[in-house]
Every structure is written in structure tokens, then in C-alpha cells.
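Peer 1: Take a look at the following structure, please.
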Amino acid sequence: MTSRKLPPGKLVIASHNAGKVKEIRALLAPFGIEPVSAGEIGLPEPEETGTTFAENALLKAHASAQGSGLPALADDSGLCVAALGGAPGVYTADWAEKQAFEGGPGRDWYMAMGKVEGKLAELGPDTDRSAYFTCTLALAWPDGHSEVFEGRVNGTLSWPPRGTLGFGYDPVFVPLGREQSFAELDPAEKHAMSHRADAFAKLVSAVF
């Protein structure tokens, strides 16, 4: 099936995550797109009830497209750790949610990284530390049409966290072939190799 082309103009980024919005803005910059985030135009965050990255990305994209009357791009991404059976996976953000006794609501990514490391430590020093970030981009139009693009970057987990340039689990993720964590790499260098960049390259070849 031929992909629908996306003309220049406004596009809603269906996210309230400032780090994610910043990355997507940078990736969209060359294409004459004017990105506005769902948060900037007052759209609520829909509850992510999907059990796959694609289901959640589509849910968010359709909600923003319907709420704004504009095309909307949503990203659902996560960290999948081999030794943990692919966890945290689709529940990547949930692992960062603070409970009331932890000072919640809100997200604490250092707490989330600690949970992953704690589970790996329980498995012993020789445990497989391979992991990958995956990204699913869903592009939806107000008339209900949608398209999905998936990307991935493989790597290993390091401890303790290193670097201040990334967000989420970036400080513990070292992409294959590199010694620096995603949070230590220059943002432009990370953009060139990230799971989001991989998915975005597929989107670009299809809709621009």
C-alpha cells in the first residue's frame, strides 16, 4: 500500500515528554514541518492501555489528531533487556513512576535505572547485559488514516549511570561499537544512530 504524503505545515507531536519532543523537533527540522506538542496546545495525555508499542503509539496519535484536527505523530519507545525477558519493554515509563511513599506522582528515571540494575544484579555477575531500545512511530490524520514505522538500536547496559545529555534510561545504555553511554554522546551523534532515528528514517522515506 502506498504511504500518504505529509505536506509542509503544522504537525502535533503527541507527547508531553520534553526530551522526546526536543528530539523529534530536531529530526523534523529539514522538512518544512511546524511541530507543536500536545502539551503546548492543551491536549490531555490519553491512558496508554495497549500491550504493544504499536498499540500505544496509535492510541496517542489518533487522540491528538482527533483533538487538534491536524496530523499527529506519536512515539512509543522503550528499553528491552534480554536477561529480563524483554522487560521493562512496553512498561518502560511505568518503571519510573513514583509511588506516594516515594514522593509521587511523577517519574524518577534514576529510580527506574536502579530497578533494572537491581534485577540484573540478582541474576549474578555473569548475567547477559545486552539490551536494545525500540521505537514505534505512529502518524495519524484526523480522518482516521494511520501509518506505523519501527526502529531499534542494540547495545549493553552499564552501571553506574554516566552522562547528563540524554533522558530516560540513556545514562546506562551503551550502543554497540561505542564506549560512551547515550547520555555522554553529543545529541547530534545520538540522533544519527538512535532507535528513534532508525524509525524516523523509515517514516521520512515513506511520507516526505
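The values are calculated or read from the model by the stated rules, or taken from the named source; none is laboratory data. The structure presented is a predicted model; accordingly, all values stated were derived computationally and were not measured. In this analysis, Cβ positions are derived from the backbone assuming ideal geometry, glycine residues included, and neighbour counts consider all displayed protein chains. Surface accessibility is based on the protein's heavy atoms, side chains included, excluding ligands, DNA and RNA. Shrake-Rupley method; radii C 1.70, N 1.55, O 1.52, S 1.80 Å.
Peer 1: For segment 203-208, what does the Karplus curve 6.51 cos²θ - 1.76 cosθ + 1.60, with θ = phi - 60°, yield as ³J(HN,Hα) per residue in whole Hz, taken in order and with x for Gly and Pro?
Peer 2: 5, 4, 5, 8, 10, 10
Peer 1: Could I ask something else about it? Quick one: check the C-alpha center-to-center distance for segment 34-65 versus segment 186-202, whole angstrom.
Peer 2: Going from one Cα centre to the other spans 21 Å.
Peer 1: Further, regarding this structure: Would you give the gap between the C-alpha center of segment 130-148 and the C-alpha center of segment 70-88, rounded to a whole Å?
Peer 2: With segment 130-148 and segment 70-88 each reduced to a Cα centre, they are spaced 11 Å.
Peer 1: I'd like the FRET efficiency for residue 40 and residue 2, computed as 1/(1 + (r/R0)^6) with the beta carbon distance as r and R0 of 35 Å, rounded to 0.05.
Peer 2: 0.65
Peer 1: Still on this structure, please answer the following. Would you mind checking which residues have amide H under 5 Å from residue 10's amide H? H placed 1.01 Å from N; only 5 or more apart, or other chain.
Peer 2: 34
Peer 1: With each label point set 7 Å from Cα along the Cα-Cβ vector, what nm distance links residue 107 and residue 18?
Peer 2: 1.3 nm
Peer 1: Restricting things to alpha carbons, find the Rg to Rh ratio for segment 1-83 using the Kirkwood radius for Rh.
Peer 2: A ratio of 0.99.
Peer 1: Computed over the Cα atoms, what is the radius of gyration of the chain divided by 2.2 N^0.38 Å, N being its residue count?
Peer 2: 1.02
Peer 1: Considering only protein heavy atoms, what is the solvent-accessible area of residue 126 at a probe of 1.4 Å, reported in Å² to the nearest 10?
Peer 2: 150 Å²
Peer 1: HN-Hα J couplings of segment 80-97 from phi, Karplus 6.51/-1.76/1.60, θ = phi - 60°, integer Hz, Gly and Pro as x?
Peer 2: 10, 9, 4, 5, 9, x, x, 6, x, x, 5, 9, 3, 5, 4, 5, 9, 5
Peer 1: Given an 8 Å cut-off on Cα distances and at least 6 residues of separation, report the relative contact order of segment 65-107 as a percent.
Peer 2: 22 percent
Peer 1: For segment 72-182, count the residues as N, evaluate 2.2 N^0.38 Å, and divide the Cα radius of gyration by that value, please.
Peer 2: With N residues counted in segment 72-182, Rg over 2.2 N^0.38 Å equals 1.17.
Peer 1: Continuing with this model, one more query. Over segment 164-208, with a single point scatterer placed on each C-alpha, what log10 of the ratio I(q)/I(0) does the Debye formula yield at q = 0.19, 0.25, 0.28, 0.34 1/Å?
Peer 2: After summing over all Cα pairs, the log10 values are -0.58, -0.84, -0.97, -1.23.
Peer 1: Kindly write out, for segment 135-141 in residue order, the coupling ³J(HN,Hα) from the Karplus curve 6.51 cos²θ - 1.76 cosθ + 1.60 (θ = phi - 60°), rounded to whole Hz, with x marking Gly and Pro.
Peer 2: Each residue of segment 135-141 in turn: 9, 10, 9, 10, 10, 10, 10 Hz.
Peer 1: Turning to a different aspect of this structure: In whole Å and largest first, what semi-axes does the C-alpha gyration tensor of segment 125-198 yield when each eigenvalue is scaled by 5 and square-rooted?
Peer 2: They are 28, 14, 10 Å, listed largest first.
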